[in-house]
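None of the figures in this text is laboratory data; all of them are computed from the coordinates on show. In this text the structure is predicted, and so the values were computed from the model without any measurement. Note that each Cβ is placed from the backbone with ideal geometry, even for glycine, and that neighbours are counted across all protein chains shown.
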Amino acid sequence: NAEYGYFNLAVFYAACSYDCLFCQNWTFREHARSLKPVMSAWELADKCNERVSCICYFGGDPAVQMAHSIKTSELAIRKAEKWKGLMRICWETNGTMSWPLLKRAALLAYRTGGCIKFDLKAWSETLNIALCGATNRRTLDNFSRLKVFIRKSPDPPFLVASTLLVPGYIDAEEVRSIAGFIADVDPEIPYSLLAFHPHYVMDDLPTTGRRLALECAAAAKEEGLVNVNIGNVHLLADY
């Protein structure tokens, strides 16, 4: 039930709990160092009006600013209730926040018809540390625990996932492991395989090859996922 004629308030947090070598928004570090711009939850919620039907938090990553995003969401929902409007709340995250905070966010997303998107960088903890500078244990644990919130109705889906196909690092077997893990939570969770574009420290790598993307998609489906797609197809190289 999409809303036409409305706007999405996209909130970018200039902070992150990962330090990915392929970060596509690495310039946020300049804002993090200067500690500006700064906006309170009340100021941010005031950006919502009757034409805004959704708030989406991303970055960087909202995992390190959960208290701010939760408070903003609560204020925005109260505003929308006054004019009897809809205010969907969504998060796009690496999933490293504490469970109590994620649970509060999940309740807000669930209640408003929003969603939570997990960026599952890797299955192997060693590989995740090598690529992102941190363990993925909490990410995987948090993803599993969200199973209790998954709606019986998949439209709109409450929980979605994505993986960036970094050439030479994330291959079909790595995706197979991730997909099997997702399928154990719920086989209908939408899963996006994203084509890689060289950025930040990994600016000397090629873009993802078409053959690798197709192999990864096939592996994900073989593990039981029914909603698999390849994103950024315009970036796929012919190899």
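Report the paramagnetic label zone for TRP83: residues of the stretch 30-55 whose backbone N is under 13 Å from a point 7 Å from Cα along the Cα-to-Cβ axis.
46-54
Beyond 24 Å, how much of the Cα-Cα pair distribution for the chain remains, as a whole percent? Mind showing how you got there, number by number?
Details: 13380 of 28441 pairs.
Summing the P(r) tail past 24 Å for the chain gives 47 percent.
Setting aside same-chain residues fewer than 8 positions from LYS82, which aspartates and glutamates have a Cα under 19 Å from its Cα?
Excluding near neighbours in sequence, the set is GLU3, GLU43, ASP46, GLU50, GLU74.
Anything over 25 Å Cα to Cα? Flag those among LYS117/LYS147; LYS121/LYS221; LYS36/LYS103, in the order listed. Could you put the intermediate results ahead of the total?
Details: LYS117/LYS147 13 Å; LYS121/LYS221 18 Å; LYS36/LYS103 28 Å.
Over 25 Å apart, Cα to Cα: LYS36/LYS103.
Taking the chain as a Gaussian network, where each spring joins two C-alpha atoms under 10 Å apart, which residue of PRO167, PRO198, PRO100 fluctuates the most?
Residue with maximal mean-square fluctuation among PRO167, PRO198, PRO100: PRO100.
In what sequence, highest mean first, do 23-29, 219-225, 173-179 appear when ranked by Cβ atoms within 10 angstrom?
Per-residue mean Cβ counts within 10 Å order the peptides as 173-179, 219-225, 23-29.
When the C-alpha atoms of the stretch 132-239 are aligned to their principal axes, what extent does each axis show, in angstrom, from largest down?
42, 28, 23
Return the Rg/Rh ratio of the stretch 1-128 with Cα-based radii and a Kirkwood Rh.
Ratio of gyration radius to Kirkwood radius: 0.99.
Summing -39500 (n - 2.57) over the DSSP H runs of n ≥ 4 in the chain and dividing by its residue number, what mean residue ellipticity at 222 nm do you reach, to the nearest 500 deg cm²/dmol?
-11000 deg cm²/dmol
Highest first, please rank the peptides 204-210, 81-87 by the mean number of other Cβ atoms sitting within 10 Å of their residues.
Packing proxy ranking, top to bottom: 204-210, 81-87.
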